[in-house]
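Everything below concerns the one structure shown next.
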Amino acid sequence: MNGTPGGVNTHPAVTLSRRDHVAEVSTFGGGLRALRWRGRPLVEGYPAGSFPPLSANVILAPWPNRLTDGEFTVAGVRHRLAVTEPSRRTAIHGLVSDVPWSVVRSSPDAVTLAVDVDPRPGWPWPLRVTASYLLDGDGLRAGLTVRNLSAWSCPVALGVHTYLSALGAPLDDCRVELPVDARLPLDPVRLTPTGEPGPLAGVVDPAGTPLRGRRFDDCLRAAPSDGAWRSTRLTDARGDGVEALTSPSLGWFQVFTADPATGTGFPGRGRALAVEPMTAPPDALRSGTGLTTLGPGGGFSVAWRLRAVRGGVPVPP
């Protein structure tokens, strides 16, 4: 979770429409401002003129989550990034979640956005990050690619800060199913790793966890999938809601509950659930866990899908 910029967001959104689905893709942060099926939300959105609250749906690159003290070492060279979460002394959510993106191409049901990461103190590698969104009969398909534009090898990790919505149902009336098998222990204050992944007991039940009164800020390791996409579902008591499908390399999830009781209520909703698929956990630039190294000109891509669920069954195209 990150803070919300002040002022008015004048960066436009691109509206996509196809059959029962409408999406609004923001050119600030590169993520969804809204996604609706028959007028009902599949993600927690925010109004025009607002910045993404609590990092809602933004793209996370070239690292997701937190980096302790903003410091890491590559090939014996120490790098120090700006600390962007001063209360915890971390560099959080990469370099593209709170900047404008450009529209590369668009059509009535698809858009591709891009942003260049220029070298800066702590990050000497130029990159291009591209996000694509397509509505089809099944819902939304999204893809994210990072390309190394430098002459040197570069470490990267990717993610997306998705807030799921079960067609607008109150979070306390919902349950979440997560494809996970372990929890990474985090420091209770800094939320950075303190050990190796351990048991899930008492944290979540992969078969379904009721959310009434529950609060999360946990990093969970994805269960092995044998190369298949993984399914996360947020549904109400009738089994109506949303399914997020994530490509195999998205092997970690940060699960965070926005809650007014902790001073982090989601505007207009109160309690809301972020399920953030990531290729690597917090501190990956320090530990190397889940990290991808790109050679000069190399690229790395991930993908995800969002679709409506009724009665526990994905809505047919």
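Points worth noting:
- Beta carbons closer than 8 Å, at least 6 apart along the sequence or on distinct chains, pair a first residue in the range 181-196 that is of a type in the set (S, T, N, Q) and at pLDDT 95 or above with a second that is outside any strand (DSSP E or B) and surrounded by 19 or more Cβ atoms within 10 Å (Cβ to Cβ) for Thr192/Pro282; Thr192/Asp283.
- Conditions (1) crowded, with 22+ Cβ neighbours inside 10 Å; (2) more than 23 Å from Leu273 (Cα to Cα): number failed by Leu35: (2)
- Single unsatisfied condition, Phe72 versus (1) surrounded by fewer than 22 Cβ atoms within 10 Å (Cβ to Cβ); (2) part of a strand (DSSP E or B); (3) not basic (Lys, Arg): (1)
- Meets criteria (in a loop (DSSP other than H, G, I, E, B), over 20 Å from Val315 (Cα atoms) and in contact with a Ser or Thr (Cβ under 8 Å, 6 or more places away or on another chain)) for Ser225: no
- Looking across the range 133-179, the residues that are hydrophobic (A, V, I, L, M, F, W, C), out of contact with any helix residue (DSSP H, G or I) (no Cβ under 8 Å at 6 or more places or on another chain) and farther than 27 Å from Ala261 by Cα come down to Leu134, Leu135, Leu140, Ala142, Leu144, Val146, Leu149, Ala151, Trp152, Cys154, Val156, Leu158.
- Looking only at residues in the range 210-233 that are out of contact with any Phe, Trp or Tyr (no Cβ under 9 Å at 6 or more places or on another chain) and among the hydroxyl-bearing types (Ser, Thr, Tyr), the one that is modelled with the highest pLDDT is Ser231.
- Looking at Ala91, Ala34, Ala48, just one residue is under 21 Å from the mean Cα position of the chain (by Cα) and under 20 Å from Ala142 (Cβ atoms), and that residue is Ala34.
- Taken together, the residues in the range 59-93 that are touching a Ser or Thr at 6+ places or on another chain (Cβ under 8 Å) and of a type outside the set (A, V, I, L, M) amount to 11.
- Check on His11, surrounded by 15 or more Cβ atoms within 10 Å (Cβ to Cβ) and either in contact (Cβ under 8 Å) with a residue 40 or more places away in the chain or under 19 Å from the mean Cα position of the chain (by Cα) (or both): no
The values are calculated or read from the model by the stated rules, or taken from the named source; none is laboratory data. What you see is a predicted model, and the numbers here were worked out from it, not measured in a lab. When we count neighbours, we look across all protein chains shown, and the Cβ atoms used for this are built from the backbone with ideal geometry, even at glycine.
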